[in-house]
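Asks: A single structure is presented below for examination.
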């Protein structure tokens, strides 16, 4: 009886049964059309039955204009169901690596890798210290062009840790040279800031505490985690949990909460 499972991990970059070579930069990786075509529409169009590209008749596919480490990660994923190894994990810029894998896997229609690399990018960015986060923000929000999905992740983590970031001279220097970013930070602070200019309220005799609250205000809880730099706002009476990697879903105690009034 033939086996129901076929382990392809041992065929990654091996001569055995290889019928195509993927070339990029100084690298040449031995591959198999069957594996490439069944896991990526892009490769299927290049060397599959439809043969839409000239490369279909050749034994070498040359890929250009993409990050070489990301391309190698794609091929490793197609065979090994993981895209990191000891070399990539030792890279000094893990954020850039995961981001480039996300960009390349989206281009080459390897959707499972695109989703996985995005998860790892988010987890990594949430866990970095403020030194590294400032570097990431400087690149993603001030220098380079990244996909909206990545930009929004960095913006959200920046907003969650904004108070601690603004205490850093290097981040303030970054903001000083980017007026658009300054306005974005101001908007983020205003969204968090408790109401300070309370209007006078006419209180009827015997009115309840709830009736004394102006209609334009709502009661919230501001929390600041004592274990990590995260803080935020939550609805009154709702359990607050810090989801940072360092805290691992730590419940925020009452002594780390403050009642504030916000504009609706």
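The values are calculated or read from the model by the stated rules, or taken from the named source; none is laboratory data. Because the structure is a prediction, the values reported are computed rather than measured. Glycine also receives a Cβ, built like all others from the backbone with ideal geometry; neighbour counts cover every protein chain displayed.
Asks: Those residues that are within 18 Å of residue 67 (Cα to Cα) and either free of Cβ contacts under 8 Å to residues at least 40 places away in the same chain or outside any loop (DSSP other than H, G, I, E, B) (or both), I need them from the stretch 12-25; list them, please.
Replies: Answer for the stretch 12-25, where residues must be within 18 Å of residue 67 (Cα to Cα) and either free of Cβ contacts under 8 Å to residues at least 40 places away in the same chain or outside any loop (DSSP other than H, G, I, E, B) (or both): 21, 22, 23, 24.
Asks: If you check residue 231 against the conditions, is it surrounded by 13 or more Cβ atoms within 10 Å (Cβ to Cβ) and modelled with pLDDT of 80 or more?
Replies: no
Asks: Taking the stretch 183-197 as the search range and keeping residues that are surrounded by 11 or more Cβ atoms within 10 Å (Cβ to Cβ) and not in a helix (DSSP H, G or I), which one is modelled with the highest pLDDT?
Replies: 193
Asks: Tell me, which helices (runs of 4 or more DSSP H) wholly within the stretch 56-112 include 3 or more residues that are at pLDDT below 90 and surrounded by fewer than 18 Cβ atoms within 10 Å (Cβ to Cβ)?
Replies: Filter on the stretch 56-112 gives 86-89.
Asks: Pick out the one residue from 38, 50, 4 that is outside the structural domain of residue 68 (by TED's automatic domain parsing) and at pLDDT below 90. Spell out how you get there, then give the answer.
Replies: Values: 38 fails: outside the structural domain of residue 68 (by TED's automatic domain parsing); 50 fails: outside the structural domain of residue 68 (by TED's automatic domain parsing).
It is 4.
Asks: From the list 141, 113, 121, 78, exactly one residue is under 21 Å from residue 30 (Cα atoms) and within 15 Å of the chain's Cα centre (by Cα). Which is it?
Replies: The unique qualifying residue is 113.
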